[in-house]
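Engineer: Below: one structure in C-alpha cells.
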Amino acid sequence: MRLFLGSCFTLILAAAIGLGATWLTLTRGVAFGALTIGAWTAWPKSGSVDIDPYARATIARTGELPVGAGDGVAFYAHTDDAGNALDGRCTFVVSGMTPAARYWTLTLYDAQGRLVANTIYRHGFTSAEILREAGGRFAINIGPRARPGNWLPSGGIEQFVLVWRLYDTPIGVASLTTKEGPMPAVARKSCS
Amino acid sequence: MIRLALWIIGALLLGGIVHLSTVLAMPTAATQDAYSRLSQLTPVNAVVPLAAPSAKDSTMPFMDPAFAVAVCRYDLSAGALKLRAPLSQAYTSVTFYTRNSVAYYAINDRAAGRRAIELDLMTEEQHAQVPEEEDVTAADRLIIESPTVRGLIVLRALAPEPGLMAMARRALAAAQCRIEAVPTQ
C-alpha cells in the first residue's frame, strides 16, 4: 500500500514538475547564446541550424519564423535601459546610433507579436525614413500621444515589445560581441 | 522521512526527463507552427504573396511590416526545385526553413550579385544523383541541400518607405519556384 501511494505521489509530482518547467521555459522564451547590449537581446543562433532545442520549441509554439543568419539579426527589448517595463501609457525615447547595417527596421508589437492599432498606421521605422540630426544620431519618441519628429504610437497598451532588425550587417554572427554595439539607448521620460 | 526524501528525489529526476522530452517533442507536436499556418493559405511548390501584417490580422507573429513577403511551400518528393527571384530596388533576401522552422540557409541580393537570385534546391539524395560533369560545367549554379523533403522558402523585399511597398510587392510577384525533373544518369 505504502509503495503504491509513494509511486502515485512520485509520478504526479514528476508530471507537474516536468510539464510546469516546460510551460515556464517556453512562455518566457528561454534560449541559450543570448547576446545582450543595453536593453536589447538577440539570439543570433536562432537563425541558423545551430538553434538550441528551447528556441526550436518556442518557435514551433508561437509560429514565428526567425530571421535567417545570412539575412540579419533581430534584437528584442521588453524593458528600457533602467529595467522599467515598456508600458504603452508612458513616453519612451530611443536614441543614439546603430551598429553598421545596410538597412534596419524598428517595429513595435504587443507581447504576443501583433502590431498595435493606431490612427496613422505607423508600426515602425526603417533606416531610410527616419529623421536624423547632424552626425547621424536620431531620437524616436514612443508614446500614446503625438509628438514632433519621429513618433511611434504605442496605443496605450499595457506592455509592448520593440524589435530592432539589422539587415545585411557586416557584423558576423560569430564576431558579434557586446563591445561591437552601440545599440540605441532606451529611456523612460514620463508616465501619464 | 528518508523514504519521503527518496520519493521526492525520484520525482525530480522523472520530472527532468518529462521536461526534456516534452521540449524535444514540441516541434513535431505543434499544430500552430509557421508551416501549418501557411499550408492552409498556400499551394505547394508555388510562390504566393502573403498579406501585409496589420493590427487586426497577421499570418505569423513578429512579422516585419516594412517588408513585402512571399512564400514558396516546397515538397521535393517529386524532384528538385528551381527558384528564381528578381531583385527589388532596395533589399531582397531569401531564407530557407525546414518543415520545423529551422532557418538553414539565407541569401540576400548583395551575396547573389546579379539581377536575380537563382538557385536549385534539392535533397541530399537528389544532389548525389546530379551528374558530376554538369556540376562542374555549371560552376556558377548555386545548389542548396534541404535537410527535409518539405519546407518553406520565404522571399522578403524591403519597402524603405511606405510608398515603395507596391514596388517591393511587384518585384516578388515575378518570383517563381517550380519542380524540375532531376536528369537521370
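Engineer: Rounded to whole Hz and in sequence order, give me ³J(HN,Hα) for segment A:38-43 from the Karplus expression 6.51 cos²θ - 1.76 cosθ + 1.60, θ = phi - 60°, writing x for Gly and Pro.
Structural biologist: Running phi through 6.51 cos²θ - 1.76 cosθ + 1.60 with θ = phi - 60° gives x, 7, 9, 10, 10, 10 Hz.
Engineer: How large is the charge dipole for the protein assembly as shown, taken about the Cα centre, if only the Cβ atoms of Lys, Arg (+1) and Asp, Glu (-1) carry charge, to the nearest 20 debye? Intermediate results must be reported in sequence, preceding the final value.
Structural biologist: Details: 33 positive and 30 negative charges, 266 e Å.
Dipole about the Cα centre, nearest 20: 1280 debye.
Engineer: Here is a follow-up. As a test of the formula, what do you get for chain A when each DSSP H run with n ≥ 4 contributes -39,500 (n - 2.57) and the sum is divided by the residue count, at 222 nm and rounded to the nearest 500 deg cm²/dmol? Mind dumping the intermediate values first?
Structural biologist: Values: 2 runs with 37 residues, N = 192.
Counting only the DSSP helices, I get -6500 deg cm²/dmol.
Engineer: What base-10 log of the normalised intensity I(q)/I(0) is obtained for segment A:33-191 from the Debye formula, alpha carbons as equal point scatterers, at q = 0.14, 0.17 Å⁻¹?
Structural biologist: Values, matching the q order: -0.70, -1.04.
Engineer: Further, regarding this structure: At a Förster radius of 41 Å, what calculated FRET efficiency corresponds to the Cβ-Cβ distance of A:MET1 and B:THR31, to the nearest 0.05?
Structural biologist: Here the calculated transfer efficiency is 0.50.
Engineer: Report the one residue of A:PRO53, A:ALA21, A:VAL67 whose Cα lies farthest in the direction of the positive end of the charge dipole of segment A:16-93 (charges on C-beta: Lys and Arg +1, Asp and Glu -1; origin at the Cα centre).
Structural biologist: Checked the options; the winner is A:ALA21.
Engineer: How large is ³J(HN,Hα) for each residue in segment A:83-95, as worked out from phi by the Karplus curve 6.51 cos²θ - 1.76 cosθ + 1.60 (θ = phi - 60°), to whole Hz, x for Gly and Pro?
Structural biologist: With the stated coefficients, segment A:83-95 comes to x, 6, 4, 7, 9, x, 8, 9, 9, 10, 10, 9, 8 Hz.
Engineer: Give the dimensionless ratio obtained when the Cα radius of gyration of segment B:34-180 is divided by 2.2 N^0.38 Å. Intermediate values should be presented prior to the final figure.
Structural biologist: Numbers: Rg = 15.3 Å, N = 147, 2.2 N^0.38 = 14.7 Å.
Compared with the compact-globule rule of thumb, segment B:34-180 sits at 1.05.
Engineer: For the protein assembly as shown, I need the span (max minus min coordinate) of the C-alpha atoms along each principal axis, in Å, sorted largest to smallest.
Structural biologist: The principal-axis extents, from largest down, are 75, 68, 39 Å.
Engineer: Right, something else. Magnitude of the Cβ-charge dipole of segment A:33-191, K/R +1 and D/E -1, about the Cα centre, nearest 20 debye?
Structural biologist: So the magnitude is around 340 debye.
Engineer: Now a separate question. If you put +1 on each Lys and Arg Cβ and -1 on each Asp and Glu Cβ, how big is the dipole of chain B around its Cα centre, in Debye rounded to 20? Spell out each step's value before the answer.
Structural biologist: Working: 16 positive and 17 negative charges, 164 e Å.
It comes to approximately 780 debye.
Engineer: Counting helices only, and only those DSSP H runs with n ≥ 4, report the 222 nm mean residue ellipticity of chain B as the sum of -39,500 (n - 2.57) divided by its residues, in deg cm²/dmol to the nearest 500. Write out the running numbers ahead of the final one.
Structural biologist: Values: 6 runs with 59 residues, N = 185.
Dividing the helical sum by the residues of chain B leaves -9500 deg cm²/dmol.
Engineer: Note down the relative contact order for chain A as a percent, whole number, built from C-alpha pairs under 8 angstrom at least six residues apart.
Structural biologist: Numbers: 345 pairs, mean separation 52.7, N = 192.
It rounds to 27 percent for chain A.
Engineer: With the dipole of segment B:34-180 worked out from charges on the C-beta (+1 for Lys and Arg, -1 for Asp and Glu) around the Cα centre, which of B:MET60, B:TYR35, B:VAL47 lies farthest toward the positive end?
Structural biologist: It is B:MET60, whose Cα lies furthest towards the positive end.
Engineer: Relative contact order for segment B:34-180 using alpha-carbon pairs under 8 Å, separation at least 6, rounded to a whole percent? It would help to have the intermediate numbers written out before the result.
Structural biologist: Working: 307 pairs, mean separation 53.0, N = 147.
Over segment B:34-180, the number comes to 36 percent.
Engineer: Per-residue HN-Hα couplings for segment A:133-144, Karplus 6.51 cos²θ - 1.76 cosθ + 1.60 at θ = phi - 60°, whole Hz, x for Gly and Pro?
Structural biologist: 8, 4, x, x, 6, 8, 9, 10, 8, 10, x, x
Engineer: Relative to a virtual label point 7 Å from the Cα of B:ARG150 in the Cα→beta-carbon direction, which members of segment B:108-128 show backbone nitrogen distances below 20 Å?
Structural biologist: It comes to B:121-126, nothing else.
Engineer: How much net charge surrounds B:PRO49 when only the other residues with a Cβ under 14 Å from the Cβ of B:PRO49 are counted, with Lys and Arg +1 and Asp and Glu -1? Provide the component values of the computation, followed by the final result.
Structural biologist: On the way: positive: B:ARG73, B:ARG156, B:ARG169, B:ARG170; negative: none.
With Lys, Arg at +1 and Asp, Glu at -1, the neighbours total +4.
Read the figures in this text as sums done on the coordinates, not as results from a lab. Fair warning: this is a prediction, and the values are worked out from it, not measured in the lab. Cβ: placed from backbone, ideal geometry, glycine included. Neighbour counts: every protein chain shown.
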